[in-house]
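Following: one structure in structure tokens, then a few remarks.
The values are calculated or read from the model by the stated rules, or taken from the named source; none is laboratory data. Quick caveat: nothing in here was measured; it's all calculated off a predicted structure. With ideal geometry, Cβ positions are generated from the backbone for all residues, glycine too; neighbour counts draw on all protein chains shown. Just so you know, the surface numbers come from the protein's heavy atoms only, side chains and all, with ligands and any DNA or RNA stripped out. Shrake-Rupley method; radii C 1.70, N 1.55, O 1.52, S 1.80 Å.
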Amino acid sequence: MGRTGFEMDPALVAAVARVAAGEKINVSGVCREHGVSRAVFYRKLDRFREHGSAGLAPRSRAPRTRPTSTPAHVGEAVVRARKELADQGWDHGA
């Protein structure tokens with residue numbers, strides 16, 4: 001069963017480090033042996049070259065932005081209005 005990332009497999013990390021150091025290895029064979037695509041291998045290699053071993057740590061898959069979320073100032077205005085209604089004795093709903 002293949003993997004979409006490294007999960008810090010020591011042999012695979014070592015292969016990435018060896019290639020980053022300039023050693024020639026059979027990338028296709030290493031990828032086949034560890035169940036990752038060549039694209040994943042080279043993406044990890046680029047991250048290793050840019051960030052060192054920290055580049056191989058798992059990354060968050062959460063979106064960086066949430067374009068459909070309610071802006072903070074709107075949420076604050078709603079909370080403020082509901083509190084004012086409650087203070088005046090009005091039913092401010094669920």
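Below are the figures for this structure:
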{"item": "The range 13-42 residues that are within 18 Å of A57 (Cα to Cα), paired with ones that are basic (K, R) and open to solvent by less than 30 Å² (accessible area, probe 1.4 Å) (beta carbon under 9 Å, 6 or more apart)", "result": "V13/K44; V16/K44; V36/K44"}
{"item": "Residue within the range 55-66 that is out of contact with any Ser or Thr (no Cβ under 8 Å at 6 or more places or on another chain), surrounded by 10 or more Cβ atoms within 10 Å (Cβ to Cβ) and free of Cβ contacts under 8 Å to residues at least 24 places away in the same chain present", "result": "yes"}
{"item": "Options A54, A39, A86: the member that is within 20 Å of the chain's Cα centre (by Cα), assigned to a helix (DSSP H, G or I) and at pLDDT below 90", "result": "A54"}
{"item": "Selection from the range 9-36 of residues that are charged (D, E, K, R) and part of a loop (DSSP other than H, G, I, E, B)", "result": "D9, E23, K24"}
{"item": "Search result, residues across the range 67-94 that are open to solvent by 100 Å² or more (accessible area, probe 1.4 Å) and among the polar types (S, T, N, Q)", "result": "T68, Q88"}
